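Have a look at the structure below before the remarks.
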Amino acid sequence: MSTDRHIGPVLFSAEQLAQRIALLGAQVTEDYEGRAPLLVGVLRGASVFLTDLVRAIDLPVSMDFIAVSSYGSATQTSGVVRLVKDLDEDLTDRHVILVEDIVDTGLTLRYLRKNLGARGPASLEVATLLARHSADVSGQNVGYVGFEIPDDAFVIGYGLDLNQRYRNLGYIATYVEDGQ
């Protein structure tokens, strides 16, 4: 464990993450039997989750990446989503699984669903490692959810960052600001 004072309590250990991702991979394998899904990772936060998820899927899969931003360097969303890096793959008639690190307010997810849905995929599903308790994942058609987290927790690790720090942690923890 780190001695960084900003790393708070561990919410999900490396072992818990591995177990849950194995279950998600098995579910994707069952749901997409006979098809070769294209997994689209949302950079940068979902990259670690995506890497482990594709290894847990027992099907031929393809991967691509898209990058959007709604945070900048703050811990709260700016309310504006902007496309930073677009896909290389054509989505027409493909079975696409959008892979997110976290469903927070749903702003980014709504933007990406609209954007990717307009590209003519045969199907578009969402897998997220984390979802806030208040996030309406069923209303946003999120088919695969790793874990729910408290609404007031800012989380770091396993790809999730604060100002590009903490992505390399092998677990997910809360971020503790000075004075807390």
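Condition (residue is within 24 Å of Gln19 (Cα to Cα) and touching a Lys or Arg at 6+ places or on another chain (Cβ under 6 Å)) applied to region 168-179: is it met by at least one residue? No, region 168-179 has no match at all.
Of all the criteria given as (1) touching a residue at least 24 places away in the same chain (Cβ under 8 Å); (2) assigned to a helix (DSSP H, G or I), the one not satisfied by Gln19 is (1). Taken as a whole, the condition of being assigned to a strand (DSSP E or B) and over 24 Å from Phe12 (Cα atoms) applies to Leu83. Looking at region 26-44, which of its residues are assigned to a helix (DSSP H, G or I) and surrounded by fewer than 21 Cβ atoms within 10 Å (Cβ to Cβ)? Those that are assigned to a helix (DSSP H, G or I) and surrounded by fewer than 21 Cβ atoms within 10 Å (Cβ to Cβ): Ala26, Gln27, Thr29, Glu30, Asp31.
Okay, residues lined up against (1) under 13 Å from the mean Cα position of the chain (by Cα); (2) in a strand (DSSP E or B); (3) more than 17 Å from Phe12 (Cα to Cα):
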position	(1), (2), (3)
Thr108	yes, no, yes
Lys114	no, no, yes
Leu130	yes, yes, no
Leu169	no, no, no
Asp178	no, no, yes
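For the criterion of being over 30 Å from His6 (Cβ atoms), in contact (Cβ under 8 Å) with a residue 60 or more places away in the chain and either outside any loop (DSSP other than H, G, I, E, B) or within 17 Å of the chain's Cα centre (by Cα) (or both), Val54 fails. Please verify whether Glu148 is within 21 Å of Gln16 (Cα to Cα) and surrounded by fewer than 20 Cβ atoms within 10 Å (Cβ to Cβ), treating the condition exactly as stated. Spelling it out, Glu148 is indeed within 21 Å of Gln16 (Cα to Cα) and surrounded by fewer than 20 Cβ atoms within 10 Å (Cβ to Cβ). The residues listed here are Ala135, Ala173; of these, the one that is surrounded by 19 or more Cβ atoms within 10 Å (Cβ to Cβ), at pLDDT 95 or above and over 12 Å from the mean Cα position of the chain (by Cα) is Ala173.
No other residue among Glu100, Glu89 is modelled with pLDDT of 95 or more and part of a loop (DSSP other than H, G, I, E, B) apart from Glu89.
Please go through region 96-115 and give me each residue that is in contact with a strand residue (DSSP E or B) (Cβ under 8 Å, 6 or more places away or on another chain) and surrounded by 18 or more Cβ atoms within 10 Å (Cβ to Cβ), ordered by number. Across region 96-115, the qualifying residues are Val96, Ile97, Leu98, Val99, Glu100, Asp101, Ile102, Val103, Asp104, Thr108, Leu109, Leu112. Restricting Ser47, Ser69, Ser13, Ser62 to residues that are at pLDDT 95 or above and surrounded by 15 or more Cβ atoms within 10 Å (Cβ to Cβ) narrows the list to Ser47. Screening Gly159 on (1) within 17 Å of Val40 (Cα to Cα); (2) modelled with pLDDT under 90 shows it passes everything except condition (2). With respect to (1) under 21 Å from Gly79 (Cα atoms); (2) small (Gly, Ala, Ser); (3) within 16 Å of the chain's Cα centre (by Cα), the lone exception for Gly159 is condition (1).
For beta carbons closer than 9 Å, sequence separation of 6+ or different chains, a first residue in region 23-34 that is touching a residue at least 12 places away in the same chain (Cβ under 8 Å) and a second that is assigned to a helix (DSSP H, G or I) and among the acidic types (Asp, Glu), the qualifying pairs are Gly25/Asp52.
The values are calculated or read from the model by the stated rules, or taken from the named source; none is laboratory data. These numbers come from a predicted model, not from an experiment. Counting neighbours? That spans all protein chains shown, and the Cβs are built from the backbone with ideal geometry, glycine included.
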